[in-house]
Amino acid sequence: MLLLISSFCSAQKTCDILIQNGKIIDGSGNNWYYGDVAIKDGKIAALGKFLRYTSTNTINASGLIVAPGFIDVHTHIEGDEAKNPTADNFIYDGVTTVVAGNCGSSNVNISNYLKWIDSLKLSVNVASLIGHNDVRRSVMGRANRDATSAELLQMQTLVENAMKGGAVGLSTGLIYIPGTYSNTTEIVALAKTASKYNGVYASHMRDEGDKVTDAINEAITIAREASIPVEISHFKLSGQQNWGRSRETVAMVDNARQQGLDITIDQYPYTASSTSISTLLPDEILADGQDSIIARLTNSDIKKE
Ligand SMILES: [Zn+2]
């Protein structure tokens, strides 16, 4: 074989990086195969078996998988971008693109955020959703009520600007303040704005426990009414009493997909979940400002409850 290759030497091209003998999974749905990847000027120049390429930078990938970088659609990198610019935790897992702005929480000015991200020269690509909680908070504070039509318009403008500024969609965190005070109509209106710019809607649903089917139905309603692809975040069932109900919940998603709705889910591969302790308090307690919360908590009846 070596003789054969050397006899073709004159036909060999050079490349910057040559990855050899890897198990190639190209991400398109094709079957995997063993082969080589030639990279030149930052792009894949050739892909296949026994490439006629040489390089001074050759990587022997035998026993390893060669695949496009993974996209982690559900991250909460906010606050750590500058602290951890090489993002080793993602890179060493094969993740090269992360989606931020999940669970309703993001920078409201996405354009500025992405400019800042560019300046950090991170090892990973970053996309961001526009978070409903931050949009609602900047228009209505922590008010526990429906939005007026003027407020809804203001929120739509913020979402529109975010989409124009590079956001990939809208996210909600409907168990968190103030997102929990919003109704479905409000989210449909904002999702329509995101849809106009080809965005997706990623939902941390209103309930992941006893009322999970109501929450899934809400996500499906939003998909239908706003004509938007919906990604249900960290699809799970909280509480031992709900174990086994995934038969029911997965069937709901399957059924919606069969009706032509673009609904997908993501899930983390462990049995724990984490969030802030405030989610254990009733939503009414957490409305308005800090002073109102303290006043309620010092009221003996409320405290008892
Ligand atoms: Zn979440």
Consider Asn144 against the criteria (1) closer than 21 Å to Glu218 by Cβ; (2) in a helix (DSSP H, G or I); (3) away from the ligand (no atom under 16 Å from the Cβ): it satisfies all of them except one. Which criterion is unmet?
(2)
Ala167 passes all but one of (1) within 15 Å of the ligand (Cβ to nearest atom); (2) under 18 Å from the mean Cα position of the chain (by Cα); (3) not in a helix (DSSP H, G or I); which number fails?
(1)
Conditions (1) under 24 Å from Lys23 (Cβ atoms); (2) assigned to a helix (DSSP H, G or I) -> Thr96 fails only (2)
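So which residues in the range 178-210 are within 16 Å of the ligand (Cβ to nearest atom) and outside any helix (DSSP H, G or I)? Before you say what the answer is, go through the steps one by one.
Of the range 178-210, the ones within 16 Å of the ligand (Cβ to nearest atom) are 178-180, 182, 187, 200-209.
Passing the criteria: Pro178, Ser182, Val200, Tyr201, Ala202, Ser203, His204, Met205, Arg206, Asp207, Glu208, Gly209.
Those residues that are among the aliphatic types (A, V, I, L, M) and surrounded by 22 or more Cβ atoms within 10 Å (Cβ to Cβ), I need them from the range 206-221; list them, please. Break it down into steps so the answer makes sense when it comes.
To start, the set of residues in the range 206-221 that are among the aliphatic types (A, V, I, L, M) comprises 212, 215-216, 219-220.
Within the range 206-221, Val212, Ile216, Ala219 qualify.
For the range 132-141, does any single residue satisfy the condition of being without any contact (Cβ under 8 Å) to a residue 12 or more places away in the chain, assigned by TED's automatic domain parsing to the domain that holds Met205, over 21 Å from the mean Cα position of the chain (by Cα) and in a helix (DSSP H, G or I)? I'd like the intermediate steps shown before the answer.
First pass over the range 132-141, keeping only residues without any contact (Cβ under 8 Å) to a residue 12 or more places away in the chain: none.
Scanning the range 132-141 turns up no residue that is without any contact (Cβ under 8 Å) to a residue 12 or more places away in the chain, assigned by TED's automatic domain parsing to the domain that holds Met205, over 21 Å from the mean Cα position of the chain (by Cα) and in a helix (DSSP H, G or I).
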What are the residues in the range 111-131 that are over 20 Å from Lys83 (Cα atoms) and not in a loop (DSSP other than H, G, I, E, B), if any?
Ser111, Ile130, Gly131
Set Gly179, Gly199: member being in contact with a helix residue (DSSP H, G or I) (Cβ under 6 Å, 6 or more places away or on another chain) and closer than 29 Å to Asp93 by Cβ
Gly199
Being more than 16 Å from the ligand (Cβ to nearest atom), surrounded by fewer than 18 Cβ atoms within 10 Å (Cβ to Cβ) and on the phi < 0 side of the Ramachandran plot narrows it down to one of Leu18, Leu47, so name that one.
Leu47
Inspect all residues belonging to the range 52-66 and state whether any of them is modelled with pLDDT of 95 or more, among the basic types (Lys, Arg), outside the structural domain of Thr264 (by TED's automatic domain parsing) and surrounded by 11 or more Cβ atoms within 10 Å (Cβ to Cβ).
no
Ser149 is checked against (1) within 16 Å of the ligand (Cβ to nearest atom); (2) without any contact (Cβ under 8 Å) to a residue 24 or more places away in the chain and fails just one. What number does that condition carry?
(1)
The number of residues in the range 228-269 that are of a type in the set (D, E, K, R) and within 16 Å of the ligand (Cβ to nearest atom) is 3
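Condition first: assigned to a helix (DSSP H, G or I) and aliphatic (A, V, I, L, M). Now tell me which residues in the range 283-301 satisfy that.
Step one: of the range 283-301, the residues assigned to a helix (DSSP H, G or I) are 283-286, 290-298, 300-301.
Of everything in the range 283-301, those that are assigned to a helix (DSSP H, G or I) and aliphatic (A, V, I, L, M) turn out to be Ile285, Leu286, Ile293, Ile294, Ala295, Leu297.
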Failed item in (1) away from the ligand (no atom under 15 Å from the Cβ); (2) of a type outside the set (D, E, K, R); (3) in contact with a Ser or Thr (Cβ under 8 Å, 6 or more places away or on another chain), with Ala82 passing the rest
(3)
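Would you confirm whether any residue within the range 215-225 is in a helix (DSSP H, G or I) and within 14 Å of the ligand (Cβ to nearest atom)? Break it down into steps so the answer makes sense when it comes.
Let us first name the residues in the range 215-225 that are in a helix (DSSP H, G or I), namely 215-225.
Narrowing further to those that are within 14 Å of the ligand (Cβ to nearest atom): 215, 219.
Checking the range 215-225: at least one residue is in a helix (DSSP H, G or I) and within 14 Å of the ligand (Cβ to nearest atom).
With the requirement that a residue be closer than 21 Å to Tyr176 by Cα and more than 16 Å from the ligand (Cβ to nearest atom), what does the range 85-109 give you?
Residues satisfying the conditions are Asn107, Val108, Asn109.
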Taking the range 230-254 as the search range and keeping residues that are on the phi > 0 side of the Ramachandran plot and touching a residue at least 24 places away in the same chain (Cβ under 8 Å), which one is farthest from the chain's Cα centre (by Cα)?
Gly239
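Does Val124 satisfy the condition of being hydrophobic (A, V, I, L, M, F, W, C), over 24 Å from Glu218 (Cβ atoms), touching a strand residue (DSSP E or B) at 6+ places or on another chain (Cβ under 6 Å) and surrounded by fewer than 21 Cβ atoms within 10 Å (Cβ to Cβ)? Spell out how you get there, then give the answer.
Working: hydrophobic (A, V, I, L, M, F, W, C): yes; over 24 Å from Glu218 (Cβ atoms): yes; touching a strand residue (DSSP E or B) at 6+ places or on another chain (Cβ under 6 Å): yes; surrounded by fewer than 21 Cβ atoms within 10 Å (Cβ to Cβ): no.
No; evaluated as a whole, the condition is false for this residue.
The values are calculated or read from the model by the stated rules, or taken from the named source; none is laboratory data. This is a predicted model, so every value here is computed, not measured. In this analysis, Cβ positions are derived from the backbone assuming ideal geometry, glycine residues included, and neighbour counts consider all displayed protein chains.
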